[in-house]
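Data first, discussion second: the structure below is written as C-alpha cells.
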Amino acid sequence: MNLVDSHAHIYSEKFDADRAEAMERAQQEGVSKIYMPNIDHTSIDAMLEAEEKYKGACIPMMGLHPTSVDKDFERELYLVEEWLSKRPFAAVGECGIDLYWDKTFLPQQQEALKVQVELAKKYKLPIVLHNRDSFNETYEIISAAQDGTLTGIFHCFSGTLEEAEKVKELGFIMGIGGVATFKNGGLDKVLPHVQLEDLVLETDCPYLAPTPHRGKRNEPVYLPLIAQRVAELLQKPVEEVAEKTTANSLNLFKL
C-alpha cells in the first residue's frame, strides 16, 4: 500500500532520538509522504531541517497554531506571511481555534484564523484547520470566507454526522486519525455514512496514537492501523482506502 500521512509533527523533539528510524519504519509500511504542519516561530527550523533531510518525503506547511495565539499574535503572523512570500509550502496550517485548553484568547484566535484564511486565498493554498472543542466557531469563519476558492482539511475530525455534512458542503475534507480506533471515539457512528472522497488519513504524531498504542508516542508507522479501521467502518478493502485517501491528499497538496 502507498499511504500519505496528511498531518504529522515528525520534526517534534519527541523524535530527536530516533527520527531516522521512525522514518524508515514508516516507509517500510508504505507511508511515502508526510505533510508537516507548523506550530509557531519555535518550530520552523526543526520542520525545515526535516524537509531538507528527507527530501520529497517530509513536506512543510506554514501557519500559526491556535494554542500559540496570545496578545502578541500579530508578530507571529508577520513571520508566517514572510515565509509564505519567499518559498513554497504545501498549505497554510495548522491554524484554527482551540477552546479545549484555554478560552482567554478566543477573539485573537478568531482574528488569527481570519488572517490566515486570507493568506490561503492570496497564495492559492489549502488551509489545514485545528478545531478542538470549536467546530462551530471554526466553521462560522470558514463558511463566511468561502467564495469557492478555499479548500482544505478539518484536521483530527471527531465530530457528528451533521458536522461531517457541513464540512463536505464547504468543499473541505476530513482528516481521520487515531480517534477512529478509539472505543468511544464516536467516529464509528459517522464514517459509515461518509464517502472516501471526503477523507484523508493522518497520525498527528507524536499525539493521538491509535489503539493498541493509545497513550504512547504516535508515529507515522501506525497509519495503516487507521486505514484498516476506516476500511472496516466503510466496509471497503483497505487497499481501496489507501489508494483513495492518498489520491485525495496528493490532489489537495499539489506541491
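The values are calculated or read from the model by the stated rules, or taken from the named source; none is laboratory data. Keep in mind that this is a model prediction, so the values were computed, not measured. Cβ atoms come from the backbone with ideal geometry, glycine included; neighbour counts cover every protein chain shown. Ligands, DNA and RNA are excluded from the accessible area calculation, which covers all protein heavy atoms including side chains. Shrake-Rupley method; radii C 1.70, N 1.55, O 1.52, S 1.80 Å.
Structure notes:
- Residue in the stretch 24-58 that is least open to solvent (accessible area, probe 1.4 Å), counting only those that are of a type in the set (Lys, Arg) and not in a loop (DSSP other than H, G, I, E, B): 33
- Given (1) over 19 Å from the mean Cα position of the chain (by Cα); (2) of a type outside the set (Val, Ile, Thr); (3) open to solvent by less than 10 Å² (accessible area, probe 1.4 Å); (4) within 23 Å of residue 17 (Cβ to Cβ), index of the condition residue 231 fails: (4)
- Among the residues of the stretch 192-218, just one is more than 26 Å from residue 151 (Cα to Cα), in contact (Cβ under 8 Å) with a residue 40 or more places away in the chain and not basic (Lys, Arg), namely 218.
- Taken together, 76, 81, 111 contain a single residue that is in contact with an Asp or Glu (Cβ under 6 Å, 6 or more places away or on another chain) and modelled with pLDDT of 95 or more, which is 76.
- Residues that are in a helix (DSSP H, G or I) and crowded, with 22+ Cβ neighbours inside 10 Å within the stretch 59-103 comprise 66, 80, listed in sequence order.
- When restricted to residues that are surrounded by fewer than 21 Cβ atoms within 10 Å (Cβ to Cβ) and closer than 16 Å to residue 153 by Cβ, the stretch 104-118 contains 0.
- When the stretch 123-157 is limited to residues that are open to solvent by less than 60 Å² (accessible area, probe 1.4 Å) and hydroxyl-bearing (Ser, Thr, Tyr), the one that is farthest from residue 9 (Cα to Cα) turns out to be 143.
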